[in-house]
Amino acid sequence: MFGRLDFSAVFAGPFAHLLLSGVIKTCELTAASWMLAVGLGVMLAVLRASGIPVATKVVAAFVAYHQNVPMLVQILLWYFGVPTLLPDAAQSWVNAHDGELIFASIAIGLCMSAYFSEDLRSGLRSVHYGQQEAARSLGLGFFATLRYVTLPQAIRNALPPFVNHTVLLFKNTSLAMTIGAAEMTYVVREIENETFKTFEAYAVATLFYLAVSLGLMGLGALAGKRIQNQAR
Amino acid sequence: MNRYTTSIAVAAFLALTTGASVANADQLADIKTRGTLVCGVLSNGAPFGFQDPDSREIVGYDVDFCKGVAKELGVKPELKVLSLDARIPELTQGRVDILAAVLGYNPQRAQQITFSDTYFVSNQVIATSSGGANKTLNDMAGKRVSTIKGSSNIPMVQRVLPTVQIVSYDDAPSAFMALVQKKVDGYVLSESLMHRFIDKLGANANTITILTPPVGREYWGLGMKKDEPKLAEAVNNALVKMQASGESQQIFDKWLGTASPFKMKRDFTTAPIPG
């Protein structure tokens, strides 16, 4: 059966370069949306922990929207919908600077920030309330308590779901193909269209996603071990 | 195992029946004795074959050509609505005599069926924003052009403009929207569909311009069963007569001409398809 498979066709001629560009675009998308998601996710979690009624309600609404609307819809809304609200100059600037990458990163980043903030919130809730009371009674303020006492413990507890959601974010960058971002899945589909090497093309994509996802999970396990050691 | 024997039996039956119909002299004689020409048409391909909302009848450019050919053959036209995917099997299995169903020529299809002379030529064109720097096709070199994923016009564009950057979307409306929102510099599509999209912009229709020359041409023929030379000759003669009498031009102007939403000009004549 494997005698008929021809992987060389998938890497032949311009396709090797195309695949590489797809890998790079996927990594760019992952990095940009991950940074946005982590930064915003921490801010959201802190806002929610603050206990300010308006802030907690706003964060809850933000999380509800981004967790309950399909990511594909969010990407299409950002790419086709939001630009129509922008002034012309801003539109043409975005279009000239890889608008597909920018809007896909924003959409994926915002969506995953909701998940990250929930991970961190559950981490914070798992820290015993006595820790916070003790810190406050020793004279630490709200932010100092978070920074030195509760957040470090929360992050340790939140690490496993956080790693899972990082892998999810990486995999979901493939949705950006619908708006024409030439990432890995887009490129592989294009190669499949031209060579009709369906199994080989998607096998390459499968191996790529599997390898990177497993790599991310390995890194997460490593980080988890280090944090546990430090805590002792 | 049972399934295999059944399928073999079905295949044998089909081979026998189709073999029998081929042996039945020629199809043209059959059509003449029957008195009807059965045309396979589409009902969802405006303006080529679609249901008229007022009369509920199937009308269109393809339908008029079916009627014109039937008139030249001296028989009555009979329309049979087919689905796009099933049109070629319906023809090869003998359920219709000819196909007038947006059938573009390609060598793979020509191995299965016979194409008549061209009765329509579909230009693949690039549209761009009006008033920009892009005035002719060559100005698009190195620019971003949107397409539909897997579309047959992608290699056409790449042949004419090797430096063009292709951005592919999942469907035609998304690729058009990308052009309207200036996310890309151009959009490549068949001329008639492009006109339909531009027409839908209403008052903003003048913001999009179609560049000349087209990037490629697709030749449409009426489809007939293989090995029916007499029918093919009669259909081609009918098309030549329709061309000479001006009927072909009239049909074009009626459905696609300047008075229609498509505002197209007939830039071809009926001739054998350049294989």
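Would you mind ranking B:256, B:179, B:137 so that the residue whose beta carbon has the fewest other beta carbons within 10 Å leads the list?
Ordered from fewest to most neighbouring Cβ atoms within 10 Å, B:256, B:179, B:137 come out as B:137, B:256, B:179.
Using the alpha-carbon centroid of each, what span in Å lies between segment A:12-41 and segment A:163-186?
Cα centroid to Cα centroid, the span is 8 Å.
Just the Cα atoms of segment A:36-110, one point each, no solvent: what log10 I(q)/I(0) does Debye give at q = 0.18, 0.21, 0.27 Å⁻¹?
-0.81, -0.95, -1.15
Could you tell me the center-to-center distance, by alpha carbons, between segment B:107-153 and segment B:156-176 in angstrom?
Segment B:107-153 and segment B:156-176 have Cα centres separated by 9 Å.
So which of B:67/B:241; B:80/B:225; B:135/B:254; B:71/B:241 end up more than 19 Å apart, counting from Cα to Cα?
Violating the 19 Å limit, Cα to Cα: B:135/B:254.
Taking chain B as the reference, fit the longest principal axis to its C-alpha atoms, fit the long axis of helix B:247-256 to the helix C-alpha atoms, and give the angle between the two in degrees, 0 to 90, nearest 10.
Result, in degrees: 50.
Kirkwood-based Rg over Rh for segment A:8-231 (C-alpha set), two decimals?
1.06
Taking all pairs of distinct Cα atoms, average 1/r, flip it, and tell me the Kirkwood hydrodynamic radius of segment B:29-132 in Å to one decimal place.
This gives a value of 15.0 Å.
Return the inverse of the average 1/r over all pairs of distinct C-alpha atoms in segment B:110-236, which is the Kirkwood hydrodynamic radius, in Å to one decimal.
One decimal place: 15.8 Å for the Kirkwood radius.
Would you work out the relative contact order for chain A, in percent, from Cα pairs under 8 angstrom that are 6 or more residues apart?
30 percent
Give the calculated FRET efficiency between residue B:108 and residue B:33 to the nearest 0.05, with a Förster radius of 51 Å applied to their Cβ-Cβ distance.
0.95
Find the eigenvalues of the gyration tensor of the Cα atoms of segment A:113-163, then list the square roots of 5 times those eigenvalues as equivalent ellipsoid semi-axes, largest first, in whole angstrom.
22, 10, 8
Along each of the three principal axes of the Cα atoms of segment A:1-62, give the extent in whole Å, ordering the values from largest to smallest.
Rounded to whole Å, the extents work out to 64, 26, 14 Å.
In degrees, nearest 10, range 0 to 90: what is the angle between the Cα axis of helix B:61-73 and the longest Cα principal axis of chain B?
Compared with the principal axis, the helix lies near 40 degrees.
Express as a percent, rounded to the nearest 5, the fraction of DSSP beta bridges in the protein assembly as shown (both residues included) that run antiparallel.
Here the antiparallel bridges make up roughly 60 percent for the protein assembly as shown.
Which Cys residues of the protein assembly as shown have no other Cys Cβ less than 4.7 Å away and so no disulfide-compatible partner by this rule?
Cysteines of the protein assembly as shown left without a disulfide-compatible partner: A:27, A:111.
Taking chain B as a Gaussian network, Cα atoms linked when under 10 Å apart, which of B:249, B:165, B:108 shows the biggest mean-square fluctuation?
B:108
Kyte-Doolittle mean at least 1.0 and Cα extent at least 18 Å along the axis: which DSSP H helices of chain A qualify?
A:14-49
Can you give me the three principal axis dimensions of the protein assembly as shown from its C-alpha atoms, in Å, biggest first?
Per principal axis, max minus min of the Cα coordinates gives 105, 65, 47 Å.
Treating only the Cα positions of chain B as identical point scatterers, give the base-10 log of I(q)/I(0) from the Debye formula at each q in 0.11, 0.13 Å⁻¹.
The Cα Debye sum returns log10 ratios of -0.71, -0.92.
For segment B:76-128, just the Cα set please: Rg and Dmax, both in angstrom.
When restricted to the Cα atoms of segment B:76-128, Rg and Dmax are 13.1, 45 Å.
Quick one: give the max-minus-min coordinate of the C-alpha atoms of segment A:153-227 along each principal axis, largest first, in Å.
52, 24, 12
Bear in mind that the values in this text are calculations on the coordinates, not laboratory data. Because the structure is predicted, anything quoted here is derived from the model rather than measured. Every residue, glycine among them, receives a Cβ derived from its backbone with ideal geometry; neighbour counts consider all protein chains shown.
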